[in-house]
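Let me begin by presenting the structure, written as structure tokens, before commenting on it.
We did not get these values from a lab; they are worked out from the coordinates using the rules stated. Quick caveat, the model's predicted, so the values are computed rather than measured. Cβ sites come from the backbone with ideal geometry, for glycine too, and all protein chains shown count toward neighbours.
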Amino acid sequence: MLRANEIDEVMRAIAEMDREELVYQFRHYPAPFPIDFTDDFLSRQSLDKLRHVFAGLVMHCGKMPAIGAAA
């Protein structure tokens with residue numbers, strides 16, 4: 001479960017992520033279930049939609065992502 005300050009931090013970080021970072025996050029986020037988006041699906045989605053889906057994933061799982069890990 002994320003604390004309020006962590007939610008603010010992760011939402012700011014997601015808002016600043018570019019497509020490369022988001023795709024990396026989808027591939028490496030430690031979710032308790034498979035995240036199996038295809039490369040084609042990820043490439044066709046808008047940046048805002050990817051951010052929205054990833055934010056939902058993080059909120060559902062309640063785990064902080066490794067911010068800046070793709071760098």
Per principal axis, largest first, the Cα atoms of the chain extend in Å by 34, 25, 21
Separation of alpha-carbon centers, the stretch 26-49 and the stretch 9-23, rounded to whole Å | 13
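Which of Leu42, Leu47, Leu57 comes first, and how do the rest follow, when ranked by fewest Cβ neighbours within 10 Å? Could the numbers behind the result be given before it?
Values: Leu42 15, Leu47 11, Leu57 18.
By the 10 Å Cβ count, ascending: Leu47, Leu42, Leu57.
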Check each of the trypsin sites (Lys or Arg not before Pro) in the chain and keep only those in coil by DSSP with at most 10 other C-beta atoms within 10 angstrom; list them in order.
-> Arg3
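Take Val53, Val10 and order them by how many other Cβ atoms sit within 10 Å, fewest up front. It would help to have the intermediate numbers written out before the result.
Working: Val53 16, Val10 19.
Result, fewest neighbours first: Val53, Val10.
If you rank Phe33, Phe26 by fewest surrounding Cβ atoms within 10 Å, what's the result? Don't skip to the end; give the middle numbers.
Working: Phe33 8, Phe26 19.
So the ranking, lowest neighbour count to highest, is Phe33, Phe26.
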